[in-house]
Structure formats: C-alpha cells, structure tokens
Amino acid sequence: MDENQTPDIITTPPEKAKPRFRKGLYAVAIVCCLAIIGVSGWYLFSQKTSIKTAVQNDIEPAPALEPIPASKLAMKGNSLSDFDLAFLRLENKQDNVIYSPLSIKYALAMLADGANGRSREQITAVIGDYQPKAYLNSVNRSLANAMFIRTDFANQVKQSFKDTLDSKYHASVILDPFTSPDNANKWVEDKTLGIIKNTFDSGTVNSELDYMLVNALAIDMKWNNAIQCDFNSTIPYKKYGVYYRHENYQDSVACMDLSRMIFSGRENVSSGKVAVSANRYNIVQDLGENYIRETVQAKYDEWLADVKDRYKDCPDCYDTSFDLDKYIEELNSNYNRLDTSTDFYFLDTDNEKIFAKDLQEYDGSTLQYVGIMPKSGSLNAYLNNFTAEKASTLISSLKNPEQLETFKDGVVTRLNGYIPFFKFNFTMDDFMSHLESLGITDIFSSADADLSNMLEFDTTLPSKPHIDVAIHKADIEFSNEGIKAAAVTAFGGMGAGAIERFDYSWDVPVEEIDLTFDKPFLFLIRDKATGEVWFTGTVYSPGN
C-alpha cells in the first residue's frame, strides 16, 4: 500500500513477520533516517548505543563552540537554516558527528501538533514556518510516519490528533500490545528499506510504554559517476588521461580499487582521486604563429641533420614526414580543451576547500553531498563562525569544472584532489539538553508540559504528561559509489615505437588547485531544489 494512502487504524498482529532484507553494497548509496518520539507513563522512548568515533591526539585545541542564539534559529520554509547547524556547535567534542536535521524537524513538527500553550510556542519558535515536505515513495526512497499506541491506551489519544497525523503526515495509527518490540522493529525495518534493524528492545517497548510517534525515512541512491575510475564499479565511471600535443603537460588518474592518503598528518585512509585539466592558454596567439613556425622549423632542421648523421645506413629508422601546418593545427586544438575525471563541484577560497557531488536523481529530486574543509586553524574554531547564511553563500558560489569559463584565462589549470572515504556511527547523548539550550524546555517538565492537543488526561494532577528522555543516533558510509547513512531520533601511457619521430614541446603556464581533504571537515547532504538538509556532520577521523 502506498505510504500516502494509509488507513486510519492498523492493528498489528502480535506474531513477528519475516523482515524484508536489502543487502548493502558499496555500489549502492543509501541514506536512512528514522525519527521517533515515544511516551511511556509520559516518557519519551530512549535507546542508548555507544559512540564510535576516532579522536585525534594531535587535533589543534579550540575553544568550546558558542550555541547559536535561539532568536536566530527560527526556520523560514524548508531551506538551509541555522537550526540545521545548531547541533554541530553544541556537539563540540572534536569527534566524528552525524545527525539528521530533517529527522529532528519532522519529529518536532509532529510533537508541536500534539502540544499546546507554551510547550507548543517553544517548539514553533524554533521550527518557525517549517512544513514537512512530501516526498514520493519508491524502491529508492521511503518516508513514512506512524503513531504506535498501546492497545488499552488508544482511547486516551485524541481523535483530532489522529486526524492531524493522517491529513498532514499521512501517518498510520498502529495499535500494539507492546508485549515485545517485534512489531515496531519490523515496521521500522520495512520503512527504512531493511537498513535499520532491531531498533527497540524489551527495555523500551513493553507494557509500560503508552505510545510512540515515529518518522522513518530511507534513501537508496548512487552517484551519477564513481568518484574514481574503477574497473569493478557497478555504476558509470570516467577514464582520465590527459596529454597535450606539443605542450609539456599531462595528467592522469589510475583505474584502481582505491587510493590512499594521509589524513591529519598521521592516518592512512582510503580515498578517491578527482582531477580536472582546463587549457585556457592560447599558446599560438600568445607566442605568435610566425614565431612558433620559425622556432619549430629550426628545431626540425637540427633534428633532421642529427638523425641523418646517426642513421647513415638506416634511412627507414626515422620519419621525415613532419608537417608544420599539422603541428600548428594540433597545437591550436589544445586550447579550450577540458577534461574531468568525474562529475562534481568545487570551491577553493582563502579560507576553505569545498567538494560537492550530486547523487542520482530519484523520483524528481536530487540530493547533493557538500564537504567543507577549513584551510587553517581548527574545524572547531571554524564552526564558531559558520552560519546558514555563510553556508548558503559558499554553496551558491560552487564552481562547475565541466564549464570552461570556471577556470582562469591564460593558463592551464590542473586540479587534483583526494577525497577521503569515511564510515562511522554516532550517538547524541546530550540531545535533550541541546533542545533545552535551544529554548525547548517545557515538554520535558512534569510541571510545565502541555500535550493537551494529543492526549486526554486529568489536568488537576500535579504531574503532567511530559517527555522524559530524548536521543538521536546516526551512522554513515561515504564510498566511491555512493553514501549509506542512517539516523534514529528517540528522534572513488604511451608505448615507444622503433621509428624515431620529431616533436618539439613547449612549456606552458600551469596553475595548480589542490582539492585534497586531508584534515577535519564538515559535510551536508541536502536537497538541491529546496536546500533542505537531510544529514550533516563532522569528520575528524575517516576510520577506514
């Protein structure tokens, strides 16, 4: 059944169904996001997992990041906002971090619709006029919402709230006895394309749990072209070997399984090499055709005299068919030649390097990865001045290496860069305190919480329904062929012949651009059309 056409009430059978399983391959770029809010005795679902990070001992010390003022967090539509970056500043431990702003926003939006009074105002002050965007579901993407309710608690959830979940979020309402986590786990696994398994355990889903609000989304995507040429690739790749006739310039990227690079001066990690050669040096115009003809003709005459002397008894050992007109034609053909090893975007400023690459278009939308590495100082210090406005400016300034005008006129530009592959997972242990620092406080207080748009309860009791624990966790794998990511919120020569031939090669002015990401950096995975951020994080240790 299409996720956008769910029934009002689904009663889940108690038996555990066989989960759908999708094997994860490097050839498949997968992004999974799961947002969950649950209440057990006015209690938010929580599940603790260990943080897998690699702390670099030689990372430059930096001051703690200052939180973005709550007054600047209110979102305007679905585009990139300071809220999307807020947790980068709050998670200031100089570790690997990944989280999903989309997951958190979706969960907060549903919670806001269940809240009232100041509890609602505090949430809406942060999410502003954000409206969850509807994405088409397919084999490549799944976005689903549900409210799990303990069967004997169903009457305490207001029908008006269930109607809001249905009309605004296309959410299923699922009755469950909560005698085991099997039903909820199967739903999550199914809605995340088999990526997230065993989300809940009996310590979190049991007879003490009253309900859970769940948002699950997953993406199964690839790059348009592999980052680096790889004969074993299951997606397209480009062969890159550049040689300019009669000019002293060449460049290449080898086809191999992977490259290696040194990260943070010590860590040897796998990576993909990207390269561009853009020839905007008009050598014939710059030096003058007559000068070139005179010079080359003189060099040819010298060469011919030499080979005739060296090969007196072998006139077939050298080729005298040199054509000066063809030489000029071939020299002219180098001008405005553009070669790229793969599709990507870049920016090289005084302060940062940026590498961006589109995933394939699925169901009418395109996600884009954007990596940003500060050139000097620490990433921690850089983040203190990194705002949505700055990020948007940098992204809007990205250059397309497949457009010749991108590159400086009068030189040959050679761009080379090693982009590290990375894989890690992360748990935001301080998620609740982070939300409180952003001004969302009342829903966590038994004295001040107001969930009256969601629940029927005795308003005369001193202890009110409230959210008790919050957690967000995620993992990511960035590879030569794509991205796999998941989040839970609780929210890639010439041979010599035997005949000697004449050639004369000219030196040309070359400008080098080094796009190598060899120190800690941040990244965004965003919807190109709307700017909405699906994932963001920091990489201090690629860990592969």
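The values are calculated or read from the model by the stated rules, or taken from the named source; none is laboratory data. Model, not experiment: these values are computed from the prediction. Counting neighbours? That spans all protein chains shown, and the Cβs are built from the backbone with ideal geometry, glycine included.
Considering (1) in the same structural domain as I483 (by TED's automatic domain parsing); (2) modelled with pLDDT of 80 or more, the lone condition that P236 does not fulfil carries the number (1).
Each residue in segment 261-293 was checked for being loosely packed, with under 12 Cβ neighbours inside 10 Å and farther than 17 Å from E329 by Cβ, and 3 of them qualify.
Residues in segment 517-531 that are assigned to a strand (DSSP E or B), farther than 21 Å from K93 by Cβ and not charged (D, E, K, R): I525 only. When segment 253-275 is limited to residues that are assigned to a strand (DSSP E or B) and among the aliphatic types (A, V, I, L, M), the one that is nearest to I227 (Cα to Cα) turns out to be V274.
Just wondering, is there one or more residues in segment 476-496 that are part of a strand (DSSP E or B), at pLDDT 75 or above and either outside the structural domain of A216 (by TED's automatic domain parsing) or not acidic (D, E) (or both)? Yes - at least one qualifying residue is present in segment 476-496. For segment 367-377, the count of residues that are in a helix (DSSP H, G or I) and out of contact with any Ser or Thr (no Cβ under 7 Å at 6 or more places or on another chain) is zero. Just the residues that are assigned to a loop (DSSP other than H, G, I, E, B) and either modelled with pLDDT under 90 or among the charged types (D, E, K, R) (or both), please, taken from segment 163-177. Once the filter is applied, which keeps residues that are assigned to a loop (DSSP other than H, G, I, E, B) and either modelled with pLDDT under 90 or among the charged types (D, E, K, R) (or both), segment 163-177 yields H170, A171.
Taken over segment 311-327, the criterion of being under 60 Å from the mean Cα position of the chain (by Cα) and not in a loop (DSSP other than H, G, I, E, B) is satisfied by D316, C317, Y318, L324, D325, K326, Y327. Out of all the residues in segment 305-313, is one or more under 18 Å from G410 (Cα atoms) and out of contact with any Ser or Thr (no Cβ under 7 Å at 6 or more places or on another chain)? No, the conditions are met nowhere in segment 305-313. One residue is enough: does segment 408-424 have a residue meeting the conditions surrounded by fewer than 21 Cβ atoms within 10 Å (Cβ to Cβ) and closer than 20 Å to P101 by Cα? Taking every residue of segment 408-424 in turn, at least one turns out to be surrounded by fewer than 21 Cβ atoms within 10 Å (Cβ to Cβ) and closer than 20 Å to P101 by Cα. The listed residues are S142, S160, S119, and the only one of them that is part of a strand (DSSP E or B), of a type in the set (S, T, N, Q) and either out of contact with any Cys (no Cβ under 7 Å at 6 or more places or on another chain) or buried (at least 16 other Cβ atoms within 10 Å of the Cβ) (or both) turns out to be S142. Given the structure, is I104 at pLDDT 85 or above, part of a strand (DSSP E or B) and within 30 Å of E361 (Cβ to Cβ)? Judged against the criteria, I104 is not a match. When I395, I419, I443 are checked against the criterion of being farther than 25 Å from Y540 by Cα and of a type in the set (A, V, I, L, M), I443 stands alone in meeting it.
Once segment 210-227 is narrowed to residues that are touching an Asp or Glu at 6+ places or on another chain (Cβ under 9 Å) and assigned to a loop (DSSP other than H, G, I, E, B), the residue that is surrounded by the most Cβ atoms within 10 Å (Cβ to Cβ) is I227.
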